[in-house]
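Bear in mind these aren't lab numbers, they're just calculated from the coordinates by the rules spelled out. These numbers come from a predicted model, not from an experiment. Ideal geometry is used to build each Cβ from the backbone, glycine not excepted, and the neighbour counts take in all protein chains shown.
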Amino acid sequence: MILKRKDLLGLEELAAEEILGILDVAEQFRNIFDRPVRKVPIMRGRTVVNLFFEPSTRTRISFELAEKRLSADIVNFSASTSSLKKGETLRDTAENIEAMKVDMIIMRHGSPGSAAYLARVLKSSVINAGDGAHEHPTQGLLDMMTMRQRLGNLAGRNVTIIGDIAHSRVARSNIWGLTKLGAQVTVCGPPTMMPPDVRRLGVRVEYDLRRAVDGADVLNILRVQLERQARSVFPSNREYHRMFGVTEEVVRLLKPECFIMHPGPMNRDVEISSEVADGPRQVILEQVTNGVAVRMAIIYLLSGGDPGSLRGETD
């Protein structure tokens with residue numbers, strides 16, 4: 001059993017063996033995408049609820065596709081038309097949904113710890129699809145899957161994460177996952193976007209972009225999250241792009257084999273130039289494709305799936 005737990009709430013709580021196991025199963029599911037029929041009957045008769053309280057394009061569609069390709073029954077929850085508007089609590093909403101005999105809840109919420117709270121009060125499995133600025137475990141896993149496909153073993157590799165570290169759940173999940181797999185992680189951004197205790201996570205901190213990218217095997221560029229900032233933390237988009245934007249000039253400093261990632265959505269010509277976003281170094285759409293495979297793997301494993309029985313289904 002790869003995941004000896006009911007829920008997936010974050011990468012901080014996972015062991016390296018669990019992370020590698022998920023990635024291995026995701027690679028098996030990735031094989032399905034090249035078949036004429038991209039679907040397996042593994043989750044037939046199981047019901048999954050997508051409980052999203054924040055806007056989402058990639059993550060929500062990716063989870064829905066993962067569920068459909070596993071043949072699960074799907075219910076999509078809309079907070080704007082729910083009884084939450086009438087004053088119902090999150091717990092009451094979730095418990096009422098669970099009483100309809102669902103098997104799994106995928107939740108995105110703006111409050112850190114919200115997924116962990118639901119996991120404590122529900123019998124159904126809960127998957128954290130992003131909780132505030134805390135964690136986004138499936139994004140971290142798909143990022144590592146993409147890196148492994150290009151680099152193989154991540155131990156000893158240098159990964160530089162650039163941007164709004166303080167407000168980024170993606171950064172935290174990447175840091176937890178990558179350091180457990182033995183990668184060396186550097187974080188870079190303005191001091192106003194850097195958590196004061198970030199070094200405790202085992203990362204190197206740089207405030208000079210050119211120093212941060214020196215020797216990197218991967219650049220993972222984060223979106224500037226204006227919606228999570230109570231006040232402006234840099235003078236202007238133009239100033240940010242000049243100091244921390246990944247441009248063609250920055251790319252010329254990279255090792256020839258270094259590649260560029262972004263979890264999306266991108267602010268073009270703020271944290272990344274359009275030339276780099278559309279250039280030969282980026283693997284952004286590969287990340288999106290791998291996201292479906294990772295989410296299939298997690299749903300399958302939390303449902304009690306046996307990786308040993310997958311070969312006949314995914315070959």
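Things to note:
- Inter-probe distance in nm under a simple model that places probes 7 Å from Cα toward Cβ, at E275 and K4: 5.3 nm
- Calculated FRET efficiency, A16 to A79, Cβ-Cβ distance, R0 = 45 Å: about 0.80 to the nearest 0.05.
- Highest-fluctuation residue, D92, D103, D164 considered, GNM on the chain with Cα pairs under 10 Å: D92
- Paramagnetic label zone (point 7 Å from Cα along Cα-to-C-beta, S309; backbone N under 19 Å) in the stretch 89-114: 103-104
- Isotropically averaged projected area of the chain, using the convex hull of Cα atoms (one quarter of hull area), nm²: 16.2 nm²
- Burial ordering of I2, I221, I162, fewest other beta-carbon atoms within 10 Å first: I2, I221, I162
- Averaging over all projection directions, the Cα-based convex hull of the stretch 48-139 occupies 5.7 nm² in the image plane.
- Comparing the stretch 206-315 with the 2.2 N^0.38 Å rule of thumb, its C-alpha radius of gyration ratio is 1.38 (two decimals).
- Förster radius 25 Å - calculated FRET efficiency between T247 and D214 (Cβ-Cβ, nearest 0.05): 0.95
- About the Cα centre, charge dipole magnitude for the chain (Lys/Arg +1, Asp/Glu -1 at Cβ), debye: 300 debye
- Rg to Rh quotient for the stretch 62-212, alpha carbon positions, Kirkwood Rh: 1.05
- Cα-centred dipole magnitude for the stretch 1-59, charges only on beta-carbon of K, R (+1) and D, E (-1), debye, nearest 20: 520 debye
- 0 to 90° range, to nearest 10: angle between helix 16-30 axis and the chain longest Cα axis: 80 degrees
- Applying 1/(1 + (r/R0)^6) with r as the Cβ-Cβ distance of K86 and L65 and R0 = 30 angstrom yields a FRET efficiency of 0.40.
- Lys, Arg +1 and Asp, Glu -1 on Cβ, resulting dipole of the stretch 237-279 about Cα centre, debye, nearest 20: 100 debye
- Label zone at R268, where the point sits 7 Å out along the Cα-to-Cβ direction: the stretch 27-62 residues whose backbone N lies under 19 Å: 57-58
- Nearby aspartates and glutamates by direct alpha-carbon distance to K4 (threshold 13 angstrom, same-chain neighbours under 8 apart not counted): E13, E17, E18, D306
- Options M104, T146, L219, ranked by Cα towards positive dipole end of the chain, top entry (Cβ charges): M104
- Farthest toward positive dipole pole in the chain [+1 Lys/Arg, -1 Asp/Glu at C-beta], among P195, M261, I299: I299
- Compactness ratio for the stretch 152-256: Cα radius of gyration over 2.2 N^0.38 Å (N = residue count) comes to 1.04.
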